[in-house]
Amino acid sequence: APPECPFCGEAAGQELEEHVRARHGHLLGAPGTGNGEQLYECPMCSLTCTNIQVLEEHVDLHLEEHNFSEGGNIRDLELAQQLQTEEDERQRSEEEKREREEFKKLQRQYGLDNSGGFKQQFLKNMEREVDRGRMQPFEYHKRKADMMESLASGIDDGKTKTSGVIEALCKYYQNENKDVRRVWLSAGVDHFHSSLGDRGWGCGYRNFQMLLSSLLQNSFYNDCLRDTTLIPSIPKIQSMIEDAWREGFDPQGASHFNNRLHGSKAWIGACEIYSLLTSLRIKCQIIDFHKPTGPMGTHPRLLEWILQYYSTDNEDGVKVVCTSKPPIYLQHQGHSRTVVGIEEKKNKSLCLLLFDPGCSSQQMQKLLKQNSDGTGLKLLRKFVGSLKEKQYQIVVVDGVLSLEEKAARCRASQVLTSEKIP
């Protein structure tokens with residue numbers, strides 16, 4: 001900005017000196033001293049001079065200092081604004097980078113990063129086993145051929161399956177006299193554990209295989225499962241869920257996966273299990289234990305509900321109750337398991353019996369020994385104190401749907417809400 005006149009504030013530009021002389025020259029003079037000497041007072045600092053030229057030079061210094069100060073303040077302000085803008089851009093860039101990394105991390109965690117699915121992971125993990133000397137090349141080629149055959153047929157190869165555990169448990173509890181007052185067991189169910197192809201993300205699919213293995217042994221479900229007489233492979237289950245979405249089930253959930261599961265390592269949960277079962281005309285419901293109901297963040301209401309599910313009115317005090325009830329799909333953040341029974345201790349405390357896809361066949365085989373001392377049951381037992389997740393959901397099967405009921409549930413699933421236990 002052009003310099004301003006110190007007398008009138010008018011912008012004078014390059015002609016400030018001429019402006020001061022022409023417009024305000026009369027102000028530069030002052031009454032003389034007692035000896036007749038003329039004095040001139042500076043209008044800016046009140047300094048008095050005896051020579052008009054000295055005063056003019058003095059005023060010029062004031063003006064130059066003023067202009068320098070004005071320019072310096074402007075430059076300092078511009079520099080501060082520039083530095084602040086650069087800092088804002090740096091923080092925004094770092095925040096965007098952090099958000100991208102977190103998003104990619106979540107995509108990897110939930111199998112939505114387009115890194116391949118069951119087949120790709122199976123082959124990659126087998127190649128790693130060969131490189132480490134833990135698998136011979138001939139075994140690699142044999143298992144690869146078996147895997148490709150399983151994928152082509154859509155049928156699980158059964159290599160992770162353990163059968164007969166429920167029957168072995170029934171025999172064990174008949175002879176157990178220590179601390180179990182009563183026990184309720186689900187209908188027969190096979191255990192499936194994660195393999196090289198789904199380790200780290202396949203628990204939901206493996207638990208569906210467990211539930212389906214029980215339903216296939218129950219003639220009540222023959223009609224709705226006539227097209228699913230054998231346990232499907234994980235890629236086949238993914239395709240079955242996609243089919244349910246195409247029928248109209250749970251469009252909100254489908255959009256979360258971009259309507260695609262096959263060929264991915266996407267985690268599934270209670271809503272996907274509900275949609276799949278309902279599309280098969282299997283009647284089920286989701287029950288949400290959305291907050292703890294006991295001390296220390298525990299969920300006693302969950303165990304009480306499951307006890308009520310398994311127990312009946314005509315048990316006549318029998319210690320071991322082998323029910324015809326299907327197992328229960330149990331979901332919490334990051335993992336899912338299958339409830340196959342519940343114990344009531346002599347002190348009236350309750351203990352769930354769970355099949356975990358993380359347990360290997362070798363571990364499950366120990367439960368098949370009839371002379372078991374019960375140590376293997378540590379794999380299955382979960383007391384209320386060990387169930388401290390913030391939220392649990394269960395999927396419970398309780399019958400068969402008609403075509404009309406299936407259509408009604410399909411419409412309702414478009415605004416699907418689970419029943420919440422208060």
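Here is a yes/no grid of residues against (1) more than 22 Å from Phe208 (Cβ to Cβ); (2) touching a residue at least 12 places away in the same chain (Cβ under 8 Å):
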position: Gly117; (1), (2): no, yes
position: Gln121; (1), (2): no, yes
position: Arg128; (1), (2): yes, no
position: Arg132; (1), (2): yes, no
position: Pro137; (1), (2): yes, no
position: Lys144; (1), (2): yes, yes
position: Asp157; (1), (2): no, yes
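Residue check, Asn218 against (1) within 26 Å of Leu403 (Cα to Cα); (2) open to solvent by less than 20 Å² (accessible area, probe 1.4 Å), all met but one. Which one?
Result: Asn218 passes all but (2).
Select from the stretch 53-75 the residues that are hydrophobic (A, V, I, L, M, F, W, C) and at pLDDT below 75 and write down the one among them that is most open to solvent (accessible area, probe 1.4 Å).
Only one residue tops the list, namely Phe68.
Any idea which of Arg206, Arg199 is open to solvent by less than 10 Å² (accessible area, probe 1.4 Å), basic (Lys, Arg), over 30 Å from Lys319 (Cβ atoms) and touching a residue at least 24 places away in the same chain (Cβ under 8 Å)?
Arg206 is the lone residue from the list that is open to solvent by less than 10 Å² (accessible area, probe 1.4 Å), basic (Lys, Arg), over 30 Å from Lys319 (Cβ atoms) and touching a residue at least 24 places away in the same chain (Cβ under 8 Å).
If you take just the helices (runs of 4 or more DSSP H) that sit entirely in the stretch 222-292, which of them hold at least 1 residues that are free of Cβ contacts under 8 Å to residues at least 24 places away in the same chain and either touching a Ser or Thr at 6+ places or on another chain (Cβ under 9 Å) or surrounded by fewer than 20 Cβ atoms within 10 Å (Cβ to Cβ) (or both)?
Answer list for the stretch 222-292: 234-247, 251-256.
Test each condition in (1) more than 15 Å from Ile286 (Cα to Cα); (2) modelled with pLDDT of 95 or more for Glu315 and report the one that comes out false.
Just one mismatch for Glu315, condition (2).
What single numbered condition from (1) of a type in the set (A, V, I, L, M, F, W, C); (2) open to solvent by less than 50 Å² (accessible area, probe 1.4 Å); (3) touching a residue at least 60 places away in the same chain (Cβ under 8 Å) fails to hold for Ala407?
Unmet for Ala407, out of (1) of a type in the set (A, V, I, L, M, F, W, C); (2) open to solvent by less than 50 Å² (accessible area, probe 1.4 Å); (3) touching a residue at least 60 places away in the same chain (Cβ under 8 Å): (3).
Residue by residue through the stretch 293-302, note down the ones that are assigned to a helix (DSSP H, G or I) and in contact with a Gly (Cβ under 8 Å, 6 or more places away or on another chain).
The answer is Met296, Pro300, Arg301.
Of the conditions (1) without any contact (Cβ under 8 Å) to a residue 60 or more places away in the chain; (2) closer than 21 Å to Phe220 by Cα; (3) surrounded by 12 or more Cβ atoms within 10 Å (Cβ to Cβ), Leu350 clears all except one; give me its number.
(2)
Of everything in the stretch 303-321 that's outside any loop (DSSP other than H, G, I, E, B) and out of contact with any helix residue (DSSP H, G or I) (no Cβ under 8 Å at 6 or more places or on another chain), which residue is surrounded by the most Cβ atoms within 10 Å (Cβ to Cβ)?
In this case the residue turns out to be Ile306.
Within the group Glu127, Glu99, Glu37, Glu78, which residue is at pLDDT below 70, surrounded by fewer than 14 Cβ atoms within 10 Å (Cβ to Cβ) and out of contact with any Leu (no Cβ under 8 Å at 6 or more places or on another chain)?
Glu37
Within the stretch 160-182, how many residues turn out to be farther than 18 Å from Arg337 by Cβ and touching a residue at least 60 places away in the same chain (Cβ under 8 Å)?
Selection size over the stretch 160-182: 13.
Is there a residue in the stretch 306-319 that is hydroxyl-bearing (Ser, Thr, Tyr) and closer than 20 Å to Gly334 by Cα?
no
Looking only at the stretch 165-187, filter to residues that are in a loop (DSSP other than H, G, I, E, B) and at pLDDT below 95; which one of those is farthest from the chain's Cα centre (by Cα)?
Checked the stretch 165-187; the qualifying residue farthest from the chain's Cα centre (by Cα) is Asn177.
The values are calculated or read from the model by the stated rules, or taken from the named source; none is laboratory data. All values derive from a computational prediction rather than experimental measurement. Please note: Cβ atoms are built from the backbone with ideal geometry, for glycine as well, and neighbour counts cover all protein chains shown. What goes into the accessible areas is simple: the full protein's heavy atoms, side chains included, and nothing from ligands, DNA or RNA. Shrake-Rupley method; radii C 1.70, N 1.55, O 1.52, S 1.80 Å.
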